[in-house]
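Take a look at the structure below.
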Amino acid sequence: MAAARRHTAIHAPRVPAHNAWIDAESEAGRAYWEALQIVREWTKASHFALHDLAARRLGSPIAGRFWNEHNFVFRKADGLYYHGKGATPSWNGYSADDEGVGMTLIPLNMAEPVLVTRHRDRTEALGFAPHGAGRNMSRAAFVRANAGLTADELRDLHAPGIDVRSYCGVLDVSELPGAYKDAASVRAQIEKYDLAEVVDEIRPYGSIMAGDWLQDPPWRRKKRDAEAEAARD
């Protein structure tokens, strides 16, 4: 951001700081693009590690593999960069590892199916489809609107029958389905505007989220446990 703001201050000083950008052909721009590719590869490898672990535990073979790549920056054959905020690519060959695959996943919310889709490349949508249901209200607004209910009550209200777990041990209620747009409406819009072809769905039994790490983050617990161990020694 510092590099982007310096660049924008010189070339477009009236542009607000939050809209700052980097010249893609500059040294900083090329370094940023390379860094994004590292992030992409790391994220994809993490997804596939989880897939492999699940397959081994279930004893199931992997018949095909694809993933959901969203909220990212994509470069098309026209040489332009497309910022897919709130969107996932829906055009064939959006990346080298999509060649010959042409499939992606569109999750809705933790209580609704994950859509398995084929690309449609609608020019009206610049080739993108939604990456999820999208927020209906901000995190803070949802928490305020439900201040009278406990986390367990909210979970049972918004995700009945779903095994919701939190890595941090504390449920982040702002991630519950009630904070998001109606999943059925989003799915209907995908089909109405032909943004992706839904060919199958994955029905959820549970959801593992990061949780509300601000309340008692793992690194704080680890430090606390280490201090307690040292005190016993």
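The values are calculated or read from the model by the stated rules, or taken from the named source; none is laboratory data. Everything quoted here is computed from the prediction, not taken from an experiment. Glycine also receives a Cβ, built like all others from the backbone with ideal geometry; neighbour counts cover every protein chain displayed.
Computed quantities for the displayed model
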quantity	calculated
TYR32 vs. criteria more than 15 Å from the chain's Cα centre (by Cα), in contact (Cβ under 8 Å) with a residue 12 or more places away in the chain, assigned by TED's automatic domain parsing to the domain that holds ALA125 and not in a loop (DSSP other than H, G, I, E, B)	no
Sole exception among (1) in the same structural domain as HIS158 (by TED's automatic domain parsing); (2) farther than 26 Å from GLU201 by Cα; (3) outside any loop (DSSP other than H, G, I, E, B) for LEU115, by number	(2)
Residue within the stretch 135-148 that is hydroxyl-bearing (Ser, Thr, Tyr) and either out of contact with any Asp or Glu (no Cβ under 8 Å at 6 or more places or on another chain) or assigned to a loop (DSSP other than H, G, I, E, B) (or both) present	yes
Residues being surrounded by 13 or more Cβ atoms within 10 Å (Cβ to Cβ), within 22 Å of SER166 (Cα to Cα) and charged (D, E, K, R) - total across the stretch 182-219	2
ALA125 touching a residue at least 24 places away in the same chain (Cβ under 8 Å), closer than 18 Å to ILE202 by Cβ and not assigned by TED's automatic domain parsing to the domain that holds PHE48	no
